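Have a look at the structure below, then the notes.
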Amino acid sequence: MVKPFGLMPKLYEIPFLYDLAFRRTGIGPHVDGLIECHKRFRHNHPLRSVLELAAGPSRHALEFVSRNYNAAVVDNCTEMCRYAAALAKENELTLNVFLANMRDYTIPNKYDLAMILLNSIGHLHTASDLRSHLFATWRHLNEDGLYVIEAHFPNWVDRTSLKRSSWLVEMKDLRLRVDFGTPDDDFDLDMLIRKVELHILGDLRGEEIDYQDYLILRSWSASALESVIVESEVFEIVAKLGALNPDIPFDPQESMRLVYVLRRLE
Ligand SMILES: C[S@@+](CC[C@H](N)C(=O)[O-])C[C@H]1O[C@@H](n2cnc3c(N)ncnc32)[C@H](O)[C@@H]1O
């Protein structure tokens with residue numbers, strides 16, 4: 001997989017590489033936390049169905065399915081949708097996969113709990129896109145349905161906050177080093193939109209991997225997110241957490257995540 005930069009597919013078009021390089025640990029505890037949020041903030045209704053947006057490999061949705069919940073996922077990348085469907089089939093799970101742009105989408109059915117995880121909300125860049133996304137998600141929720149948004153924290157506020165994150169992925173036959181971002185990334189200070197340069201270097205079953213790409217991500221601040229949510233008038237904020245766990249409140253000094261639990265307004 002060593003090709004001149006520019007001829008490479010985009011990261012999300014190589015789902016197995018994304019899934020290896022960015023695989024999150026703790027999917028089970030995250031799903032426990034999401035179920036607990038539902039119990040706490042929508043206790044008058046049973047939880048039967050979930051919707052994961054910008055779901056990528058859909059590992060959280062698949063965990064819900066393995067616990068006998070109905071799940072649907074939305075992603076706008078064909079390869080990622082095929083990959084999620086293949087993971088479901090391999091594990092004999094039923095996952096409803098929809099290829100759609102989360103900015104505005106229409107899919108069958110309504111859901112009890114929607115979620116967007118791992119800062120995928122950063123793929124929406126403007127207040128108007130976020131507003132349109134909130135309306136679409138509102139339309140797909142049942143009465144009092146919840147929408148959980150997990151953004152990163154602290155958000156990028158100036159050039160000094162642009163750090164490189166690096167990690168190693170080591171498994172049988174696989175060794176990868178992932179560099180996510182550089183301090184020199186292009187950064188639009190007004191919109192807080194960063195061109196995050198990424199580099200994945202290593203060896204998979206004897207084949208060299210030297211892959212570069214970039215992601216364009218908005219770093220939503222709490223105040224920017226909250227103002228769009230409040231102005232939309234379709235959701236109320238019922239909790240602001242520091243993790244996918246209703247027992248961990250958001251703490252600006254300590255938290256690594258900014259998690260909102262929104263409830264659908266009728
Ligand atoms: C960071 S990855 C997936 C992360 C996933 N939420 C997780 O927890 O592993 C972001 C995903 O968002 C998808 N995506 C980006 N922009 C999108 C859009 N406008 N509508 C739907 N999906 C989008 C990409 O194709 C990609 O699969």
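Results, tabulated for the structure shown:
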| read-out | value |
| --- | --- |
| Residue selected from region 154-202 under the condition within 23 Å of the chain's Cα centre (by Cα) and of a type in the set (Ser, Thr, Tyr), by the criterion farthest from TYR214 (Cα to Cα) | SER161 |
| Selection from region 102-122 of residues that are under 22 Å from GLU233 (Cα atoms) and within 11 Å of the ligand (Cβ to nearest atom) | MET102, ARG103, ASP104, TYR105, MET115, ILE116, ILE121, GLY122 |
| Test: residue in region 2-14 that is closer than 20 Å to VAL259 by Cβ, surrounded by fewer than 21 Cβ atoms within 10 Å (Cβ to Cβ) and modelled with pLDDT of 95 or more | no |
| Test: residue in region 151-171 that is free of Cβ contacts under 8 Å to residues at least 24 places away in the same chain and in contact with a Lys or Arg (Cβ under 7 Å, 6 or more places away or on another chain) | yes |
| Residue under evaluation THR94, criteria (1) more than 14 Å from the ligand (Cβ to nearest atom); (2) within 17 Å of LEU141 (Cα to Cα); (3) of a type in the set (Val, Ile, Thr), criterion not met | (2) |
| Residue selected from region 45-72 under the condition of a type in the set (Ser, Thr, Tyr) and more than 13 Å from the ligand (Cβ to nearest atom), by the criterion surrounded by the most Cβ atoms within 10 Å (Cβ to Cβ) | SER49 |
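The values are calculated or read from the model by the stated rules, or taken from the named source; none is laboratory data. Please read these numbers as outputs of a predicted model, since none were measured by experiment. Don't worry about glycine lacking a Cβ; one is built from the backbone with ideal geometry, like all the others, and counts go over all protein chains shown.
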